[in-house]
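Every read-out reported here was derived from the displayed coordinates using simple, explicitly stated rules and does not represent laboratory data. Predicted model only: the values in this text are computed from it and were never measured. Every residue, glycine among them, receives a Cβ derived from its backbone with ideal geometry; neighbour counts consider all protein chains shown.
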Amino acid sequence: MELPAEGGCLCGEVRYRLLRPPLLVYACHCTRCRRLTGTAFAMATIMETVALEQVSGEPKLLAKDWPDGTQWCIRFCDRCGGQLWSEPPYAPDVRVLRPGTLDEHSGLIPDAHQWLSSALPWLQIPAGARSFDEQLTNEQIIELIQARQARGDEA
Ligand SMILES: [Zn+2]
Ligand SMILES: [Zn+2]
């Protein structure tokens, strides 16, 4: 990925710039992500908060508390409905970006796939990707970030 990289929502109201390479790229196959995005799985890119610079527009915040204690805080454009990134309340140093909003994202290949226990039956996980039956733990996320950095993967 060439830096800075730019991205934004579908209508163009919200635009942002990435100043540093992502820490981790993963796909989530949980039923909540599928329903939220209306797609077969969701992709997520963990970025440092300081690496994400807002260029224009003010994305709205959607906050949701789940009965199991998890919390979602998702930024979206209120003109086109496009989701841009989430702001995990327990990890203010990172943003979890929807990589499909980057102007160029073909080089962002998931390091890991989580919630394979609920993945769609026709889905084939690419060889070389790490697979996890449920939610990645913080320890697993740190290990995957270190593995990505050890590879020198700048994409
Ligand atoms: Zn928009
Ligand atoms: Zn999910």
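Quick notes
- In segment 22-56, of all residues being surrounded by fewer than 18 Cβ atoms within 10 Å (Cβ to Cβ) and touching an Asp or Glu at 6+ places or on another chain (Cβ under 7 Å), the one that is nearest to Pro110 (Cα to Cα) corresponds to Glu48.
- Matching strands (runs of 3 or more DSSP E) fully within segment 1-47 where at least 1 residues are within 16 Å of ligand 1 (Cβ to nearest atom): 5-8, 15-18
- Thr70 of a type in the set (Ser, Thr, Tyr) and under 20 Å from Leu23 (Cβ atoms): no
- Residue within segment 58-76 that is more than 24 Å from Arg35 (Cβ to Cβ) and within 17 Å of the chain's Cα centre (by Cα) present: no
- Within segment 93-114, considering residues that are under 16 Å from Gln54 (Cβ atoms) and of a type in the set (D, E, K, R), the one farthest from ligand 2 (Cβ to nearest atom): Asp103
- The set of residues in segment 48-92 that are of a type in the set (Lys, Arg) and either more than 16 Å from ligand 2 (Cβ to nearest atom) or at positive phi (or both) comprises Lys60, Arg75, Arg79.
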